[in-house]
Amino acid sequence: MGLITRLRFKSNNELEHLVKRLMSQCHKPFNIEGKETKISMSIGIAIFPDNEQLLKDLVHAADKAMYSVKNNRAISYAFA
């Protein structure tokens, strides 16, 4: 699943704080039909215009960062 947003952040730290809050909420277990279920996430982040200029290249950079996360289970998100 991909997400493209037009939000503006004052710094990468502000964006990172939002990502950590999102992950903490999504990592909480929940019940489906009496069975405990958990969600895991792999998030790749690319920033315009820092990482790329064209949308397709920006999405590719974020996708590449996401797959680096998938290959390293110690982390849940990465910047391009």
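All of the numbers you see were taken from the coordinates with simple rules; none came from a lab. As the structure is a computational prediction, the values presented were derived from the model and not from experiment. Please note: Cβ atoms are built from the backbone with ideal geometry, for glycine as well, and neighbour counts cover all protein chains shown.
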0 to 90° range, to nearest 10: angle between helix 12-26 axis and the chain longest Cα axis: 20 degrees
Expressed in nanometres to one decimal, the distance between label points 7 Å along Cα→Cβ at residue 21 and residue 60 is 3.4 nm
Relative contact order, percent, the chain [alpha-carbon distance under 8 Å, six or more residues apart]: 23 percent
Between helix 55-70 and the chain: long-axis angle, C-alpha atoms, 0 to 90°, nearest 10: 40 degrees
Charge dipole magnitude, Cβ of K and R +1, D and E -1 - the chain, Cα centre, debye nearest 20: 200 debye
Search the structure for amide H atoms under 5 Å from the amide H of residue 79, placed 1.01 Å from N in the peptide plane, and list their residues when 5 or more places away or on another chain. 45
Count, lysine Cα pairs under 26 Å in the range 21-80, 8 or more residues apart or across chains: 7
Charge sum, other residues only, whose C-beta stays under 15 Å from residue 64's C-beta, Lys/Arg counted +1 and Asp/Glu -1: -2
Quote the Stokes-Einstein diffusion coefficient, in whole µm² s⁻¹, for the chain, based on the Kirkwood radius over alpha carbon pairs, a temperature of 10 °C and a viscosity of 1.306 mPa s. 115 µm²/s
